[in-house]
1. Taking H142 as meeting all but one of (1) part of a loop (DSSP other than H, G, I, E, B); (2) at pLDDT 95 or above; (3) surrounded by fewer than 15 Cβ atoms within 10 Å (Cβ to Cβ); (4) on the phi < 0 side of the Ramachandran plot, write down the number of the exception.
2. Among the residues of the range 3-13, write down those that are without any contact (Cβ under 8 Å) to a residue 60 or more places away in the chain and either of a type in the set (A, V, I, L, M, F, W, C) or in a helix (DSSP H, G or I) (or both).
3. When the residues of the range 20-38 are narrowed to those that are in contact (Cβ under 8 Å) with a residue 24 or more places away in the chain and assigned to a helix (DSSP H, G or I), which ends up farthest from N155 (Cα to Cα)?
4. Could you check how many residues of the range 1-56 are under 25 Å from Q71 (Cα atoms), surrounded by 11 or more Cβ atoms within 10 Å (Cβ to Cβ), more than 14 Å from the chain's Cα centre (by Cα) and among the polar types (S, T, N, Q)?
5. Just to confirm my filter: which strands (runs of 3 or more DSSP E) fall fully inside the range 39-138 and include at least 2 residues that are more than 14 Å from S159 (Cα to Cα)?
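The values are calculated or read from the model by the stated rules, or taken from the named source; none is laboratory data. This one's a predicted model, so the numbers in the text were calculated from it and none came from an experiment. Every residue, glycine as well, gets a Cβ built from its backbone with ideal geometry; the counts of neighbours run over all protein chains shown.
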Amino acid sequence: MITIRDFHEGDSAQLLHILNDPEVVRYLSSKIPSPYTLDDAQWWISTGCKMGIVKAIDINGSLIGCIGAEQGEFEYQRSAEIGYWIAKDYWRKGIATHAINEIISLVFKNTDIVRLFASVFSHNTASMNVLGKCGFELESVHQKAIYKNDEFYNNHVFSLLKT
């Protein structure tokens, strides 16, 4: 059964395993340390995941991913950027679609946020497809807006408005 839940101490080993997989972090922010250490995992569980709306993606009691919504500040306070990652063994199984739909419901029911958006690296077509399945629409493409590992990517911005 797929659920989203708070992170807990028992998630450290899985965080290390998943976030040291180059394929998982390929299109994630370089804010995520590489290599990802036990200290990084412990900081995430005690502090990092408590900033904003952040949930672990769980299948039958095991951490397999993360999803969150980071609310904007000042005049952007009614908008939030969502982000997510899933362990490679669980790709293309509908898990991201399920988790995104849950975070949409959680955010729109429990906050005053009216706009969710996601920034997607140009080569990450799987993520673009998942967002489309969840009702997000392509809003803009920012040319060469992302620079990671000595490579430029276009930033595809998808959005969903509360109805």
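1. Evaluating H142 over (1) part of a loop (DSSP other than H, G, I, E, B); (2) at pLDDT 95 or above; (3) surrounded by fewer than 15 Cβ atoms within 10 Å (Cβ to Cβ); (4) on the phi < 0 side of the Ramachandran plot leaves (1) as the failure.
2. F7, E9, G10, D11, S12, A13
3. Here the residue is L38.
4. 3
5. By residue number, 53-59, 62-71, 79-86.
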